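Q: This is the structure I want to talk about, given as structure tokens.
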Amino acid sequence: QKTTGQSEERLMNINQTGQNRPVLCRAPERGSKLTWGPYVWFQMWRVATSSISVCDYLGEKMASLLGITTPKYQYAIDEYYRMKKEEEEEEEENHLSEEAERRFEEQHNQDGQQPKIEQPEGTASFVNVTFELEQESHATSDANKVPAPIPS
């Protein structure tokens with residue numbers, strides 16, 4: 001009990017000095033030195049935390065054995081991120097295309113010239129194209145045909 005008093009005294013001295021040193025804390029009391037109320041509460045808390053830790057560990061092991069460690073809707077999450085990435089790429093492409101178009105217009109406005117379309121001078125001429133079809137002889141193709149049998 002003498003050591004407990006000394007550690008409490010030292011703790012008080014550190015707090016009173018106001019220095020920015022780490023504060024020493026008392027070691028947790030053992031369950032045997034507590035009265036009945038705090039002792040029961042301590043034991044219940046210890047059993048509860050141990051039980052949760054064991055259940056968590058066993059749950060993880062069972063999930064890995066059964067192969068159910070992936071999220072249920074992972075396909076939807078992946079699709080969302082894929083669509084988001086495509087939209088960002090499309091926005092980037094549109095931005096670059098608008099920037100290129102703006103630079104093109106600025107360049108032509110600086111030149112002060114409108115684009116010219118060159119056409120040959122003179123009167124327009126038309127080309128008359130005619131096709132002649134050869135007559136096919138139908139007599140030779142009829143002789144080579146065999147009539148299909150008619151089912152009775």
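Since every read-out is calculated from the coordinates, none of them should be taken as a lab result. Because the structure is a prediction, the values reported are computed rather than measured. Backbone-built Cβ (ideal geometry, glycine too); neighbour counts: all protein chains shown.
Q: Each label point is 7 Å from the Cα along the Cα-to-Cβ direction; what then is the distance between the points at residue 84 and residue 65, in nm?
A: 3.6
Q: Full extension from residue 73 to residue 42: what is 0.36 nm times the residue separation minus their Cα-Cα distance, to one decimal in nm?
A: 7.1 nm
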